[in-house]
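This report refers to the structure that appears directly beneath it.
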Amino acid sequence: MSELLRLDKRVVALTGCSRGQAQNYIEGGWVLVDGAVVEQPQFMVGTQQVTLHAEARAEEPEPATILLHAVAGFEPGTGAPDAMDWFSAANHAADDDSGVRPLKRHAFHQTCLLPLETGASGLLVFTQDGRIARRLREDGSKLEQEYVVEVSGAIAADGLARINRGISMHGRALPRVKASWQNEVRLRIAALDARPGEIRHLCTEVGLGIVSMRRIRIARIAMGKLLPGQWRYLPGYAKF
């Protein structure tokens, strides 16, 4: 019986690199054990064949930012369903052209930013990148969010004008929005500093019931063709 050895130690013996470089190779998805990628440096190997991808780089993997088309009622961290259940190969959009190499580590330690309107579906942002997290936390109120809102009922005579002028909620003057009819039952509403509950309040104040809401854009980042439950990576060059 051959002695078992940690994978990072085997990579050190195989390549002559440092322990830290070996861990970067492994966590970067560049190391194969019997032809299958293994991303855990502590993985124990014996007689298996360990190989290094021809394009391997001993750099620490870049943090990932993920865009998810969340279904209505999805609340990250509640376990119903948990966000990590979505970030699988089965839910990864086939037309993801970000150029990011999928890694298992991308599903962990993700922070969800800019929550959706109450009861809404649509674009959610998850990131491991502290720079993006700070940007969305500190400047989130300055980023325009756009929703498609399906409504029922008859709007008040001056309802659209009132929505665009701004309406108060709990004594707070809501930011002015840009609202327009997409068709007979759908409004497109773009707003700055859109907090949960506010778009619903805007609609109900002018006599409209809410059938559904879907966020389709945050600043310059659009949800695009993502189907409900699908996700894709945010390209490194993309900016909110």
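The values are calculated or read from the model by the stated rules, or taken from the named source; none is laboratory data. All values reported here derive from a predicted model rather than from experimental measurement. Quick reminder, even Gly has a Cβ in these numbers, built from the backbone with ideal geometry, and neighbours come from all protein chains shown. Ligands, DNA and RNA are excluded from the accessible area calculation, which covers all protein heavy atoms including side chains. Shrake-Rupley method; radii C 1.70, N 1.55, O 1.52, S 1.80 Å.
Sub-9 Å Cβ pairs linking a first residue in the range 48-66 that is under 23 Å from PHE87 (Cα atoms) and among the charged types (D, E, K, R) to a second residue that is in a loop (DSSP other than H, G, I, E, B) and open to solvent by less than 100 Å² (accessible area, probe 1.4 Å), at least 6 apart or interchain, are GLU60/GLY28; GLU62/VAL100; GLU62/GLN128; GLU62/ASP129; GLU62/GLY236, ordered by first then second residue.
In the range 18-50, what count of residues is obtained for those that are farther than 17 Å from LEU103 by Cα and open to solvent by less than 20 Å² (accessible area, probe 1.4 Å)? Please lay out each step first, then the result.
Taking the range 18-50 first, the residues farther than 17 Å from LEU103 by Cα are 18-21, 34, 44-50.
Then drop every residue that is not open to solvent by less than 20 Å² (accessible area, probe 1.4 Å), which leaves 45-46, 50.
Number satisfying all stated conditions: 3.
When only residues in the range 69-88 that are open to solvent by 50 Å² or more (accessible area, probe 1.4 Å) and not in a loop (DSSP other than H, G, I, E, B) count, which is modelled with the lowest pLDDT? Taking the candidates together, the pick is MET84.
So, in the range 159-199, how many residues would count as being touching a residue at least 24 places away in the same chain (Cβ under 8 Å) and more than 23 Å from the chain's Cα centre (by Cα)? Write out each step before concluding.
First, the residues of the range 159-199 that are touching a residue at least 24 places away in the same chain (Cβ under 8 Å): 159-160, 162-163, 167, 169, 174, 177, 182, 185-194, 196-199.
Remaining after also requiring more than 23 Å from the chain's Cα centre (by Cα): 159-160, 162-163, 167, 169, 174, 177, 182, 185-187.
Number of matching residues: 12.
Pairs are defined by a Cβ separation below 8 Å, a sequence spacing of at least 6 or placement on different chains, a first member in the range 1-20 that is in contact (Cβ under 8 Å) with a residue 24 or more places away in the chain and farther than 16 Å from GLN42 by Cβ, and a second member that is part of a loop (DSSP other than H, G, I, E, B) and open to solvent by less than 60 Å² (accessible area, probe 1.4 Å); the pairs so defined are MET1/GLY46; SER2/GLY46; CYS17/ALA58. Residue count for the range 140-152 under the criterion of being among the small types (Gly, Ala, Ser), open to solvent by 50 Å² or more (accessible area, probe 1.4 Å) and assigned to a helix (DSSP H, G or I): the result is 1. Inspection of the range 153-176 finds no residue satisfying the criterion of being buried (at least 16 other Cβ atoms within 10 Å of the Cβ) and in a strand (DSSP E or B).
Whenever a residue of the range 133-154 is of a type in the set (D, E, K, R), its partners that are open to solvent by 60 Å² or more (accessible area, probe 1.4 Å) and part of a loop (DSSP other than H, G, I, E, B), lying with C-beta atoms within less than 6 angstrom and at least six residues away or across chains, give the pairs GLU150/VAL185.
Being closer than 17 Å to THR118 by Cα, out of contact with any Pro (no Cβ under 8 Å at 6 or more places or on another chain), part of a helix (DSSP H, G or I) and open to solvent by less than 80 Å² (accessible area, probe 1.4 Å), is that true of even one residue in the range 186-200? Yes, the conditions are met somewhere in the range 186-200.
Once the range 211-240 is narrowed to residues that are in contact with a Gly (Cβ under 7 Å, 6 or more places away or on another chain) and among the hydrophobic types (A, V, I, L, M, F, W, C), the residue that is farthest from GLN182 (Cα to Cα) is MET223. The selection criterion, being modelled with pLDDT under 95 and open to solvent by less than 10 Å² (accessible area, probe 1.4 Å), holds for GLU117. Would you confirm, using the coordinates I've provided, whether ILE66 is at pLDDT 90 or above, surrounded by 18 or more Cβ atoms within 10 Å (Cβ to Cβ) and farther than 28 Å from TYR147 by Cα? Taking the combined requirement at face value, the residue does not satisfy it.
Please go through the range 1-17 and give me each residue that is of a type in the set (A, V, I, L, M), in contact with a strand residue (DSSP E or B) (Cβ under 9 Å, 6 or more places away or on another chain) and surrounded by 18 or more Cβ atoms within 10 Å (Cβ to Cβ), ordered by number. It would help to see each step written out before you state the result.
Residues of the range 1-17 that are of a type in the set (A, V, I, L, M), as a first pass: 1, 4-5, 7, 11-14.
Retained after the next criterion (residues that are in contact with a strand residue (DSSP E or B) (Cβ under 9 Å, 6 or more places away or on another chain)): 4-5, 7, 11, 13-14.
Those that are of a type in the set (A, V, I, L, M), in contact with a strand residue (DSSP E or B) (Cβ under 9 Å, 6 or more places away or on another chain) and surrounded by 18 or more Cβ atoms within 10 Å (Cβ to Cβ): LEU7, VAL11.
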